[in-house]
Amino acid sequence: LFETAPPPWELAVADDVAIATIVFSEAPHGPYDYRIPDDLREDLKPGMRVKVPLGHRRKAMIGWCIETKMGSSASRSLRDVAEVLDDEPLCDPPLVRLVMWMSHYYQAPAGQVFDTLIPSSVRANAGTRERTYYELTNKKLDDATIESLPAKQQQIIRTLIAVARPMTSAQIMVEADCTSSPIKTLEKKGLISSESRREMATSSPMRWQLDDGEKETKHDLTDDQTHALEKITAAVDSEEGKTLLLHGVTGSGKTEVYIRAIEHVVKFGRSAIVLVPEISLTPQTRGRFERRFPGVAVLHSQMTPAERHFQWQRIRRGEVQVVIGPRSAVFAPLPRLGLIILDEEHDGSFKQDTAPRYHARKVAFARAMSLKVPLVLGTATPSLESWHACNTGHAELISMPSRVGNRPMPDVQLVDLRVRDDRTSGAISRPLHKAVQETLDDKGQVILLLNRRGFATTIQCPSCGHVVACPDCDMPLTHHRDGGKAVCHYCDYTIGTPPWCPACRFDGIRYGGLGTQRLEVEVKSRFPNARVARMDGDTMRRPGSHQKVLSAFRSGEIDILLGTQMIAKGLDFPNVLLVGVINADSALHFPDFRAAERTFGLVTQVSGRTGRGNRGGRVIVQTFSPEHPAIQAASRHDYEQFAHDEMNARRKFNYPPLGSVARIIIRGTVEDVTESTAESLVQRLEQAREKLGHEVRILGPAPPPMSKLRGKYRFHILLQATEPGPLGDTIRTATEKFVIPEKDDVQYVVDIDPIDM
Ligand code: ADP
Ligand code: ZN
């Protein structure tokens, strides 16, 4: 008796009211508790939207329910939930937990995270319409009653009995050959009843067609592929949740491994997400999956709201086995998720550059671990974060060191731009010119990569290649046109622009670089008979233009394809016999601690575009810094050497992955108000650090490389620590009650684990 009776102290508190915890996307963000009125109790579940009063606002606000529970009304006076907006939760409980984790980690309002997770097209019911359905009120109507009705009404009743499910008036009118008036009469008599339902306006609003130009042959796996697949399926079967880094050189056949791994989870009725950089979502990639699985949902940025909503519903109903898409596909509401794959895991597009500034790799990790399913990260050039995770036992490394069919990796030749005899007045050196000419003579195709990261103008000596850098951060200084200053945008170290090179005294130091447009002009005049196409942000604005150029290149209508990093990724064209990198230094000397990693990745990726057929391929890299470890390692396809050197370089300054970094960007319309706001934020951060006793390095405020953007002045503050926890706590504490007067017109945004600095 004693055991079954609840202890008296629990009886003292009567759980007499149902409570919903609600979060918002606008300040104040919550979470706040509300009372659920009795008539809404059955309807409201976590993951649904509600309308509730908030603060002193006259209008009810839309919020997201994260929890429902029973509580006592004695101690608190709660306001009521006014309305429940959804029939079904838009997020299942694991996704609600993911939202709350993201909100905490990225310091973003939970309501804003929900709005990111659930596409606006879903929230707005895009592409749906209300339809009215009729059914019999009494399913067992006796014949006598039916026969007493007029003929048309009888026919309607008999039709509904025969069809045995609710029908729209249009359907009834066809089947029973009647007008709408006898339907209305029957409803008035109470013999049939109506119910309106929201449904998709068309059954399939898809626009993209399956590209079946090619046959998908199921290859016999290579030994490397077999080994990789075994590791992944073992991780699936273990149900532990594990991260695997699939480090496979370009052309090693990673996609085939993904497909087989997904086949393994699909066998058990489960499904998978494949995340890819938007740019590599070509019809070929898509086709490879669609030919192997009956239900594939492809998400991309050019979908109409109706398409997006339609796909989301299909996914949620469990009708697809595979979802392929860019970073936001990590939120795909698959009911039985069994595997997440992130292809090209090093790619910067997995980080969202607007709030909430999440990284799909980190979110994928959180989601996979909470569901105890594997996360597979695939790449030829692992991010140092993932590499470090393998070295510290947080991830398992799987290597695929050779290309399918044992095709050799292409030869990489470095052209030293400091050598006067090789230089020309243009962007293309003599050795590169010669190589392009030979390739064209051989009827081969050429890719020329001009990496430009726009605005940042590094100060580099064109004679010796020396780069002017900050003594404290080791970052290249950035040239600021106004006032002839050279500034470290990490710590604000500033000097006057040097009139001559500090290393070799050459007095023609130059700023900034060459654009793709000028390169196109030069290429056309050097090779007047070649068919040239340019691919960059300017020429690829229109949807579909990317595909158009690529298919023209594939079919051999273009000889030379030149462009920005857009052309470095994922293309598989066997007739590309030469890849030229116009200036490897523009990526290398960008003021970002990941510059070397990007350069290594870029050179490796673009090298991977050649040597894919039987005719081999070669790569020419033009640089002022041929001895730089990143360029050396890239020229030998030696990732491990690169990772080793780079890890040592980062250790010196505690840069990630050895430490954590966060950034706060402050924007405003008036320069000195913006700067002084940034300064007072720094003071608060310093106070918070003191109070918490954390070891956090606070740098700045300093102007970022793009210090004025869209009419707003920008400053940023960098924070560094060995662990993410103290960093997050310091920012949370400092910003908790930091309110900027509205008249100042200054905003700030927190960026945890920034990747573009
Ligand atoms: P990665 O993604 O590693 O760069 P892919 O998956 O694109 O490589 O494969 C490169 C090429 O090799 C593709 O054309 C693919 O069809 C082919 N391929 C993959 N696996 C095999 C195999 N086991 N045998 C023969 N060809 C294969
Ligand atoms: Zn500095």
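The values are calculated or read from the model by the stated rules, or taken from the named source; none is laboratory data. Predicted, not measured: the structure shown is a model, and the values here were computed from it. No Cβ is skipped: glycine too gets one built from the backbone with ideal geometry, and neighbour counts run over all protein chains shown.
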Regarding segment 472-488, can at least one residue be identified that is modelled with pLDDT of 85 or more, aliphatic (A, V, I, L, M) and in a loop (DSSP other than H, G, I, E, B)?
no
Hey, could you check segment 232-275 for residues that are among the basic types (K, R) and part of a loop (DSSP other than H, G, I, E, B) and say which is nearest to ligand 2 (Cβ to nearest atom)?
K242
Pairs with Cβ under 7 Å, 6+ apart, first in segment 162-184 and free of Cβ contacts under 8 Å to residues at least 12 places away in the same chain, second outside any helix (DSSP H, G or I)
M173/T179; M173/S180
Take the residues in segment 652-679 that are in contact (Cβ under 8 Å) with a residue 24 or more places away in the chain, among the hydroxyl-bearing types (S, T, Y) and more than 16 Å from P726 (Cβ to Cβ), then tell me which one is surrounded by the fewest Cβ atoms within 10 Å (Cβ to Cβ).
T669
Pick out the one residue from S121, S103 that is touching a His at 6+ places or on another chain (Cβ under 8 Å) and not in a loop (DSSP other than H, G, I, E, B).
S121
Scanning for something in contact (Cβ under 8 Å) with a residue 60 or more places away in the chain and farther than 17 Å from P656 by Cα, does segment 383-395 turn up at least one residue?
no
Quick one: count up the residues across segment 597-621 that are among the basic types (K, R), over 18 Å from T381 (Cβ atoms) and modelled with pLDDT under 90.
1
Please enumerate the residues belonging to segment 126-153 that are of a type in the set (S, T, N, Q) and surrounded by 16 or more Cβ atoms within 10 Å (Cβ to Cβ).
T128, Q153
I'd like the residue in segment 276-292 that is part of a loop (DSSP other than H, G, I, E, B) and out of contact with any Asp or Glu (no Cβ under 8 Å at 6 or more places or on another chain) and, out of all such residues, is farthest from V330 (Cα to Cα).
T282
Residue satisfying all of: in segment 619-652; among the charged types (D, E, K, R) and closer than 30 Å to R430 by Cβ; farthest from the chain's Cα centre (by Cα) among these:
E627
Top-ranked residue in segment 579-611 [being polar (S, T, N, Q) and part of a helix (DSSP H, G or I); ranked as surrounded by the fewest Cβ atoms within 10 Å (Cβ to Cβ)]
S586
Out of R505, R510, R531, R541, sole residue that is among the charged types (D, E, K, R), over 28 Å from T304 (Cα atoms) and modelled with pLDDT under 80:
R510
Restricting to segment 531-559, what's the tally of residues that are part of a helix (DSSP H, G or I) and hydrophobic (A, V, I, L, M, F, W, C)?
4
Would you pick out the residues in segment 41-66 that are within 18 Å of V113 (Cβ to Cβ) and part of a strand (DSSP E or B)?
R49, V50, M61, I62, G63, W64, C65, I66
Of the residues in segment 84-100, those that are in contact (Cβ under 8 Å) with a residue 40 or more places away in the chain, outside any helix (DSSP H, G or I) and under 18 Å from P31 (Cβ atoms) come to V84, P89, L90, C91
So, of the residues in segment 366-385 that are in a helix (DSSP H, G or I) and among the charged types (D, E, K, R), which turns out to be surrounded by the fewest Cβ atoms within 10 Å (Cβ to Cβ)?
E385
Need the failing condition index for S301 against (1) farther than 20 Å from D115 by Cβ; (2) part of a loop (DSSP other than H, G, I, E, B), just the number.
(1)
Picking from R327, R291, which residue would you name as being more than 16 Å from ligand 2 (Cβ to nearest atom) and within 24 Å of L98 (Cβ to Cβ)?
R327
Being of a type in the set (G, A, S), under 29 Å from the mean Cα position of the chain (by Cα) and in a loop (DSSP other than H, G, I, E, B) narrows it down to one of G393, G426, so name that one.
G393
